[in-house]
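**Q** Got a structure for you, questions after.
The values are calculated or read from the model by the stated rules, or taken from the named source; none is laboratory data. Fair warning: this is a prediction, and the values are worked out from it, not measured in the lab. Here Cβ is always computed from backbone atoms with ideal geometry, including for glycine, and neighbour counts include all displayed protein chains.
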C-alpha cells in the first residue's frame, strides 16, 4: 500500500459540483456485465488474482475458535493443491489478502495463522460495526483491543451523522457497504465509487483503495472497475 491518506479540508464547492448521470452509470454497468469473459488460462489468471484480493471474512454472531480456525485454513490454502499444480502455481504462495473477524476473535485468528506458519494479515471490523452508532470512546477502545491482539487492518463503520454534518476524515480505502444489508455491492455503486476515488486522486495526489463487500455467487458477479 502507498503512503497513508492524510485527508483534505472539506471543500463544499467541490462536493456541490459533483453530479452523477444515473442513466450513463447504468449503461456503463450493463456494458461491463455484457463483456465476454476471458477463456482458458486467462480466465484462470483472473480468478487467481481475484482470490488474492479477497479478505476472507466471518462476522457471525455465533463465531467460535473452530470456525475462525477453518476460515484461516481456507485463507492460507484457498485453491486446491492439485488445481494449482495443473496451473503451475503450486509454489507461488496463493492465499487470500487477509482474514477479517470481530475484535473478540482476532486472537483466535492470529493463533490459527501462527500455527499454520502463515504471515497472512488479520483485519477486524471495529467502531460499532455494523451501525457505527456507539460512543466514540467505545469505538476507539474496540480499535485498541483489535490492534493489541494482532489486527493490522481496521475496517471502520463511518458515523453517518458526522459525514452528513461535514466532519470528514481521511481513509486508506472505502467499502461499498458493511455486507450486512439486503443489497450490498452493485455494479453501478462500484462504478460511482471508483470514479470518486479517481477524482480524489487527481485533486490531491493521494491514492486510496476500493473494497467490494458482500457475497458473489460466481465469477461473473465480480464487479470490474
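**Q** Go through the residues of the stretch 131-150 one by one and say whether even a single one is touching a residue at least 12 places away in the same chain (Cβ under 8 Å), within 15 Å of the chain's Cα centre (by Cα) and either surrounded by fewer than 18 Cβ atoms within 10 Å (Cβ to Cβ) or under 22 Å from residue 97 (Cβ atoms) (or both).
**A** No: zero hits.
**Q** Consider residue 11 against the criteria (1) over 23 Å from residue 201 (Cβ atoms); (2) free of Cβ contacts under 8 Å to residues at least 12 places away in the same chain: it satisfies all of them except one. Which criterion is unmet?
**A** (1)
**Q** Somewhere in the stretch 23-44, is a residue touching a residue at least 12 places away in the same chain (Cβ under 8 Å), assigned by TED's automatic domain parsing to the domain that holds residue 154 and in contact with a strand residue (DSSP E or B) (Cβ under 7 Å, 6 or more places away or on another chain)?
**A** no
**Q** For residue 66, indicate whether it is touching a residue at least 12 places away in the same chain (Cβ under 8 Å) and either part of a loop (DSSP other than H, G, I, E, B) or farther than 17 Å from residue 150 by Cβ (or both).
**A** Here the answer is no, as residue 66 does not meet what is asked.
Matching residues to (1) modelled with pLDDT of 95 or more; (2) more than 23 Å from residue 179 (Cβ to Cβ); (3) touching a strand residue (DSSP E or B) at 6+ places or on another chain (Cβ under 9 Å); (4) outside the structural domain of residue 213 (by TED's automatic domain parsing):
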residue: 55; (1), (2), (3), (4): no, no, yes, yes
residue: 62; (1), (2), (3), (4): no, no, no, yes
residue: 99; (1), (2), (3), (4): yes, no, yes, yes
residue: 110; (1), (2), (3), (4): yes, no, yes, yes
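**Q** Name the residue that is farthest from residue 188 (Cα to Cα), counting only residues in the stretch 201-225 that are modelled with pLDDT of 65 or more and outside any loop (DSSP other than H, G, I, E, B).
**A** If we take residues in the stretch 201-225 being modelled with pLDDT of 65 or more and outside any loop (DSSP other than H, G, I, E, B), then 204 is farthest from residue 188 (Cα to Cα).
**Q** If you don't mind, there's one more thing I want to ask. I need a count of the residues in the stretch 79-103 that are in a helix (DSSP H, G or I) and in contact (Cβ under 8 Å) with a residue 40 or more places away in the chain.
**A** The qualifying residues number 1.
**Q** Given the conditions (1) assigned to a loop (DSSP other than H, G, I, E, B); (2) touching a residue at least 60 places away in the same chain (Cβ under 8 Å), and given that residue 117 satisfies all but one, which numbered condition is not satisfied?
**A** (2)
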